[in-house]
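The structure appears below as structure tokens.
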Amino acid sequence: MSYADTGFVCSLLAPDANTAAAVKRMRSQKLPLAWTWLHEVEFRNSARLRVFRREMTRAEADRTLQTQLADLAAGVYTRLVPDQMALMSETERLSAQHSATLGTRSLDVLHVAAALVLGTSDFLTFDKRQARLAKAAGLRVPALAGQTL
């Protein structure tokens, strides 16, 4: 199973500069992708933040949220619950080993830690620092169209 960070999912469901590359990757992606409480919180807030920033209307944000729910029901994603103690321990380990040198943010470290705790193999992201962290942690990070890591 693969793990896509929330930025990848956002690009897939709400048009931005990375949408074409996300769609291209999904054409060959084995499904389902992991979906956790972290995705849920960050994805839903991201859509609402785009309304605040006037990057989309409230109606567009609502459609984006409904599309994600439909994709979840259709099996594009599967809900997984990482063990919270293992998640916190792995997050701290990754932060201690890599944040000072890679400049990773808390949510990025949490996503990579969740991928590891869940036992996923591939990590999909457009974020270069997060990709470097995922690679350093032993995950495969497929190159996405137009991306150089």
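Scanning segment 31-79 for residues that are part of a loop (DSSP other than H, G, I, E, B) and in contact with a Pro (Cβ under 7 Å, 6 or more places away or on another chain), which turns out farthest from D122 (Cα to Cα)? Per the criteria, the residue is G75.
With respect to the stated conditions, L13 is modelled with pLDDT under 95, in contact with a Ser or Thr (Cβ under 8 Å, 6 or more places away or on another chain) and of a type outside the set (G, A, S). So is E42 within 23 Å of K128 (Cβ to Cβ) and of a type outside the set (A, V, I, L, M) or not? So E42 passes the test.
Working only within segment 80-135, note down all residues that are assigned to a helix (DSSP H, G or I), without any contact (Cβ under 8 Å) to a residue 40 or more places away in the chain, within 23 Å of S11 (Cβ to Cβ) and open to solvent by 30 Å² or more (accessible area, probe 1.4 Å).
Those that are assigned to a helix (DSSP H, G or I), without any contact (Cβ under 8 Å) to a residue 40 or more places away in the chain, within 23 Å of S11 (Cβ to Cβ) and open to solvent by 30 Å² or more (accessible area, probe 1.4 Å): L102, S106, L116, K128, R129, R132, K135.
Scanning segment 13-63 for residues that are under 21 Å from V117 (Cβ atoms) and among the hydroxyl-bearing types (S, T, Y) yields one hit, T36.
Counting the residues of segment 16-27 that are more than 16 Å from F123 (Cβ to Cβ), part of a helix (DSSP H, G or I) and either of a type outside the set (G, A, S) or modelled with pLDDT of 95 or more (or both) gives 4. Modelled with pLDDT of 95 or more and more than 23 Å from M26 (Cβ to Cβ), is that true of E92? Yes, satisfied.
Scanning segment 29-75 for residues that are β-branched (V, I, T), within 13 Å of L13 (Cα to Cα) and open to solvent by less than 30 Å² (accessible area, probe 1.4 Å) yields one hit, T64. G75 fulfils the conditions (1) more than 18 Å from L118 (Cα to Cα); (2) of a type outside the set (A, V, I, L, M, F, W, C); (3) within 18 Å of the chain's Cα centre (by Cα) except for a single criterion, (1).
The values are calculated or read from the model by the stated rules, or taken from the named source; none is laboratory data. What you see is a predicted model; the values in this text were computed from it and never measured. All Cβ positions, even for glycine, are placed from backbone atoms using ideal geometry, and neighbour counts span all protein chains on display. These area figures cover heavy atoms from the full protein model, side chains too; ligands, DNA and RNA do not enter into them. Shrake-Rupley method; radii C 1.70, N 1.55, O 1.52, S 1.80 Å.
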